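Engineer: Questions regarding the structure given below will be posed in turn.
The values are calculated or read from the model by the stated rules, or taken from the named source; none is laboratory data. Worth saying up front: this structure is predicted, and the values here are computed from it rather than measured. Cβ sites come from the backbone with ideal geometry, for glycine too, and all protein chains shown count toward neighbours.
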Amino acid sequence: MSPSGPRVFLSSGEASGDLYASALVRAMRRRAPALQVTGFGGPRLAAEGATLVGSYEGMTVTGLTEALFVLRRSFQMLKQLEASARDHRPDVFVAIDFPDFNFRLLPRMRALGIPIVYYISPQLWAWRPKRIETIKRYVDKMLVIFPFEAAIYANAGVPVEFVGHPLIELARADQPRDVFLRAHGLDPSRPVLALLPGSRPNEIRHMWPTIHAALPAIAAAVPGVQFLVARAPGLDDGLFAIASGEAVPLTFATSAADDVLNAADVVVTASGTATVQTALHEKPMVIVYKLSPLTYAIAKRLVGVTTFGMANLVAGHTIATELIQDAFTPDAVAREAIALLSSPARAEAMRQELIKVKTKLGGVGATERAADAILSAARG
């Protein structure tokens, strides 16, 4: 380890990875004030004093076919990161989720003799389980955030530690519900349906038109309902433009997903990290997702689970309705949202199940535990 402080080389993609990475750097810096961080990430990581070799913006897509459009840029970024690691000689390399990119970095870091810690596991238990062989070959330690993941790696002989989910301490609203709603021109006494259509441009393209088409029916069935959209940063206005269809009043809040969830009565959310975030806020939800037809046809043959929402997977049974691909229609979204908004008993029953999910995700301190493990690897 450098006498001036540990040198950490980090790679994180997407808004969620950037959030986890920034929290991780804060926690490591509390332990090692002279910490030096270099790597690949986004604005939150840069704000924590990391030197970015490259940004993930424009490289985050979902789907096998969609990934083809960013391949060239991905390979250029891999070369830049490899060259930077060779120059800086970090004490440890930390890969955060983003497996399609980070798996290509692993052998390059190993060839440079850098210890490797993988924080937040790829979803091997859902699809492409043979990827565990890559992890066995290159990763010195896995830090996992779901309790069932630890056994998968332990059984495969991979050093693993369950640290808990970092969102437990990160999923916090900045403003009280009433204050946030009034600041956005909404009435706290009226019901609020939160809409989380995803954080990537191609997710918005696939899902926003269907979600939007469901809103008039919801507005007609639920008197006074207000629609509050959690908009991820960096998304173009055109992604939310609807060429035709009945207009409904929409309120957008950018980079404020936790405040939006805190203010909501019911949530319609894209499958993914947002379902965990919604569960931590104990909000009844409808889970939706859609890929391109070709990607879905390919993925269907590879996926090894029957449920997709993380809240349902952690629970071990279906808590929230999932509307995936062909089942994701305006009528279905409206039906499920209206049922939750109109039935306090049904909504409360789901909330009680979500409290159990929170308990399974571990206590506070996930980021602190991850920071300790990474600095230990750097010193080792």
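Engineer: Going through region 86-138 one residue at a time, which ones are in a loop (DSSP other than H, G, I, E, B) and out of contact with any helix residue (DSSP H, G or I) (no Cβ under 7 Å at 6 or more places or on another chain)?
Structural biologist: 89, 90, 113, 123, 126
Engineer: Of all residues in region 1-14 being touching a helix residue (DSSP H, G or I) at 6+ places or on another chain (Cβ under 8 Å) and modelled with pLDDT under 95, which is farthest from residue 79 (Cα to Cα)?
Structural biologist: Going through the qualifying residues, I end up with 1.
Engineer: Continuing with the same structure: Looking at 327, 320, 345, can you tell me which residue is over 25 Å from residue 212 (Cα atoms) and either surrounded by fewer than 20 Cβ atoms within 10 Å (Cβ to Cβ) or at pLDDT 95 or above (or both)?
Structural biologist: 345
Engineer: Restricting the first residue to region 132-149 and requiring it to be more than 17 Å from residue 114 (Cβ to Cβ) and touching a residue at least 12 places away in the same chain (Cβ under 8 Å), which pairs with a second residue that is polar (S, T, N, Q) and surrounded by fewer than 14 Cβ atoms within 10 Å (Cβ to Cβ) meet a Cβ separation below 8 Å and a spacing of at least six or different chains?
Structural biologist: Close Cβ pairs satisfying both conditions: none exist.
Engineer: List the helices (runs of 4 or more DSSP H) that sit entirely inside region 305-380 and contain at least 1 residues that are under 30 Å from residue 91 (Cα atoms).
Structural biologist: Where helices (runs of 4 or more DSSP H) fall fully within region 305-380 and carry at least 1 residues being under 30 Å from residue 91 (Cα atoms), they are 366-379.
Engineer: Still on this model: For residues that are buried (at least 16 other Cβ atoms within 10 Å of the Cβ) and at positive phi, scanning just region 151-205, find the one that is modelled with the lowest pLDDT.
Structural biologist: So, considering only residues that are buried (at least 16 other Cβ atoms within 10 Å of the Cβ) and at positive phi, the one modelled with the lowest pLDDT is 198.
Engineer: Would you say residue 49 is outside any strand (DSSP E or B) and either assigned by TED's automatic domain parsing to the domain that holds residue 108 or in contact with a strand residue (DSSP E or B) (Cβ under 6 Å, 6 or more places away or on another chain) (or both)?
Structural biologist: Yes: the conditions hold for residue 49.
Engineer: Identify, by number, the condition in (1) at pLDDT below 90; (2) under 16 Å from residue 11 (Cβ atoms) that residue 126 doesn't meet.
Structural biologist: The one condition residue 126 does not meet is (2).
Engineer: Give 23, 34 a once-over and let me know the one that is part of a loop (DSSP other than H, G, I, E, B), at pLDDT 95 or above and either within 22 Å of residue 367 (Cα to Cα) or not assigned by TED's automatic domain parsing to the domain that holds residue 232 (or both).
Structural biologist: Testing whether each residue is part of a loop (DSSP other than H, G, I, E, B), at pLDDT 95 or above and either within 22 Å of residue 367 (Cα to Cα) or not assigned by TED's automatic domain parsing to the domain that holds residue 232 (or both) leaves just 34.
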